[in-house]
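The next block holds one structure in the form of structure tokens; read it before the comments.
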Amino acid sequence: MTAHIIDGKTIAQQVRAEWKLRADALKARGITPGMAVIIVGNDPASKVYVANKVKACAELGLYSIHRELPADITEAQLLSEIEALNNDPKIHGILVQLPLPKHLDANQVIEAINPDKDVDGFHQKNVGALVTGETPFPSCTPYGVMVLLEKTGIAIEGRHAVIVGRSNIVGKPMALLLLHKNATVTICTSKTVDLAKHTRDADILVAAVGRANFITGDMVKPGATVIDVGINRNSDGKLVGDVDFASVKEVAGYLTPVPGGVGPMTIAMLVANTVRAAERLSGFGKQIG
Ligand code: NDP
């Protein structure tokens with residue numbers, strides 16, 4: 001078997017086109033959805049992610065600003081930057097690029113963002129809403145995975161979804177979103193005994209580990225859908241996922257590539273969350289959906 005390769009780039013373009021219509025509807029009423037990205041320090045990978053996010057907003061005609069703050073900024077200064085954005089009517093979505101330098105408490109910083117502008121979905125209010133079932137801002141990467149599955153026509157209800165990884169930004173929200181769609185969900189971690197036993201039982205396998213080529217063909221059930229969230233550099237400096245593409249594509253039914261799979265969806269969903277935030281804050285458009 002050779003897996004059908006899910007083209008995240010094309011699906012992300014479709015999603016952006018759909019959300020552009022909603023953004024245009026707001027603009028016709030005089031509201032331009034606006035996003036602010038804060039980056040602290042000089043991490044090169046973070047700079048690339050931020051540049052991509054700002055570019056995606058510009059392509060959809062959204063207003064965006066990004067604040068580059070020095071690595072030695074105090075927490076009080078950073079919180080005051082966030083407060084200014086909370087009070088800026090042109091800004092509907094605020095995103096603080098993680099990770100932050102160690103002297104800053106990321107939890108405090110996230111909690112300072114107005115939850116109605118928390119387009120990453122990391123504020124406790126929005127995390128709580130995700131647990132109980134309906135958040136306006138699902139975190140962008142798992143949200144993107146859900147849209148990929150839906151647009152590819154992969155059935156979720158009643159299927160066994162296995163997620164490898166339990167981070168707050170990927171693994172846990174991923175599990176909840178799949179659970180809300182009636183999957184039977186297993187979460188595996190670094191402490192899981194006999195990982196392959198679990199992954200081989202997955203109809204939908206999501207890898208969010210952060211280890212290059214970690215999931216190999218022998219760990220996958222024939223015909224399974226395999227979603228690779230990982231972004232890693234291999235020893236040649238090449239971008240690779242958590243899934244060993246060569247061996248897994250011979251076993252899986254569907255597989256996302258890296259690059260060109262989940263990554264473009266993450267950015268598309270950030271744009272979606274920003275437009276939704278603008279709809280909610282302005283009182284126009286759909287409240288959720
Ligand atoms: P974290 O490092 O926060 O979490 C990794 C998770 O993997 C942890 O829960 C850890 O378990 C688990 N893990 C580590 N080793 C093993 C193992 N041997 N067996 C089973 N589980 C293991 O990473 P993130 O969730 O933030 O990111 C995961 C990957 O996704 C990274 O490559 C990251 O770059 C990428 N990413 C991609 C995005 C995109 O847009 N495509 C967006 C965000 C992330 P434990 O909790 O026990 O330590």
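Here are the numbers for the structure shown:
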{"read-out": "Restricting segment 140-168 to residues that are closer than 9 Å to I204 by Cα and in contact with a helix residue (DSSP H, G or I) (Cβ under 7 Å, 6 or more places away or on another chain), the residue that is surrounded by the most Cβ atoms within 10 Å (Cβ to Cβ)", "value": "I163"}
{"read-out": "Given (1) in a loop (DSSP other than H, G, I, E, B); (2) under 25 Å from G253 (Cα atoms); (3) under 14 Å from the mean Cα position of the chain (by Cα), number of the condition E157 does not satisfy", "value": "(3)"}
{"read-out": "Residue list for segment 126-142, restricted to those being touching a Pro at 6+ places or on another chain (Cβ under 9 Å) and assigned to a helix (DSSP H, G or I)", "value": "N126, V127, A129, L130, T141, P142"}
{"read-out": "Test: residue in segment 116-123 that is closer than 21 Å to A268 by Cβ, surrounded by 19 or more Cβ atoms within 10 Å (Cβ to Cβ) and touching a His at 6+ places or on another chain (Cβ under 7 Å)", "value": "yes"}
{"read-out": "Conditions (1) in a helix (DSSP H, G or I); (2) under 30 Å from N86 (Cβ atoms); (3) more than 12 Å from the ligand (Cβ to nearest atom); (4) among the hydrophobic types (A, V, I, L, M, F, W, C); number of the one not met by V145", "value": "(3)"}
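Residues are listed down the side, and each one gets a yes or a no for (1) of a type in the set (K, R); (2) under 22 Å from G263 (Cα atoms); (3) buried (at least 16 other Cβ atoms within 10 Å of the Cβ); (4) more than 10 Å from the ligand (Cβ to nearest atom):
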{"site": "R200", "(1), (2), (3), (4)": "yes, no, yes, yes"}
{"site": "L205", "(1), (2), (3), (4)": "no, yes, yes, yes"}
{"site": "V209", "(1), (2), (3), (4)": "no, yes, yes, no"}
{"site": "N213", "(1), (2), (3), (4)": "no, yes, yes, yes"}
{"site": "T216", "(1), (2), (3), (4)": "no, yes, no, yes"}
{"site": "P222", "(1), (2), (3), (4)": "no, no, no, yes"}
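Values quoted throughout were computed directly from the atomic coordinates according to the rules given, and no laboratory measurement underlies them. Being a predicted model, the structure only gives us computed values, none of them experimental. FYI the Cβ positions are ideal-geometry reconstructions off the backbone, even for glycines, and counts take in every protein chain you see.
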